[in-house]
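In what follows, a structure is listed as structure tokens, so that the remarks can point back to it.
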Amino acid sequence: MKFIAILFAVCFICSCSSTPPEEPFSVNLDSPRFEAGSIEAHFNKSFSITGGLKKDAVTVYYYPAEDAVCLQFNIMYVHCNQFWDRDGRDAFVSAFERYKEEYEQRKLAKGNRKTREMYGTAQGFFTWKKTPISVQAYGHPKIKLGYQFNNQSVFFTVTQMESYYEDPQTHSRNQTSPVTEIYFTRAQAESLIALFKKEHLQGLGLPPRTGGGGEGMDGY
């Protein structure tokens, strides 16, 4: 009986060790997509000696086949797509709720770089293209969720770490994306969370409701 128990344990361990690791999520850029809306966010100024932030528009798309939301923006003329799967979106919402609570209780700490990952991390998928004729690079970076102070103002932040692309054709096109930081005011983060909502995403691409119940009437 003891021998059978040991044999079962060995088989269980072997079966676990032979299970391949789960692949990080990815998105086919040719998949159907719908525009979910647009928001504003802040980015680090390019080529600025004094630093500071600039406000830019971010277009938001939904890829229903992969259940992924894409934030599309440009940094230093590089075309960027940052993708969030359902787990990532849930992590963003949870992190922002913690941030709001600490903001209202005045518990946010200044001068600590660790605050940019205070609320955990998410697994991302990122694509970038330096010029219209450049190779389409992609990777699976870690995204840190937290907050940072900038010029006496505090922002909820998303810090996307480096992502390395290895071209299957030639090593000359291998490249690494830089660390990318997105800064949100509370209103900007709430605007994005509204676009993350399942009810909003599931309604994209549907024909407008027409007909029959009478204007201004509620019903079941």
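Taken together, the values in this text are just the output of simple stated rules run on the coordinates, not laboratory data. Everything numeric in this text was worked out from a predicted model, so none of it was measured.
Step through the table entries LYS110/LYS130; LYS45/LYS110; LYS144/LYS198, compare each Cα-Cα distance with 27 Å, and write down the pairs that go over it. Intermediate values should be presented prior to the final figure.
Working: LYS110/LYS130 35 Å; LYS45/LYS110 21 Å; LYS144/LYS198 23 Å.
Beyond 27 Å: LYS110/LYS130.
When you take every Cα atom in segment 72-220, what is the radius of gyration, and what is Dmax, the widest Cα pair distance, in Å?
Cα only, segment 72-220: 19.5, 64 Å (Rg, Dmax).
Give me P(r) over segment 81-145, computed from all C-alpha to C-alpha distances, binned every 5 Å, as integer percentages.
4, 16, 19, 19, 14, 12, 8, 5, 2, 1
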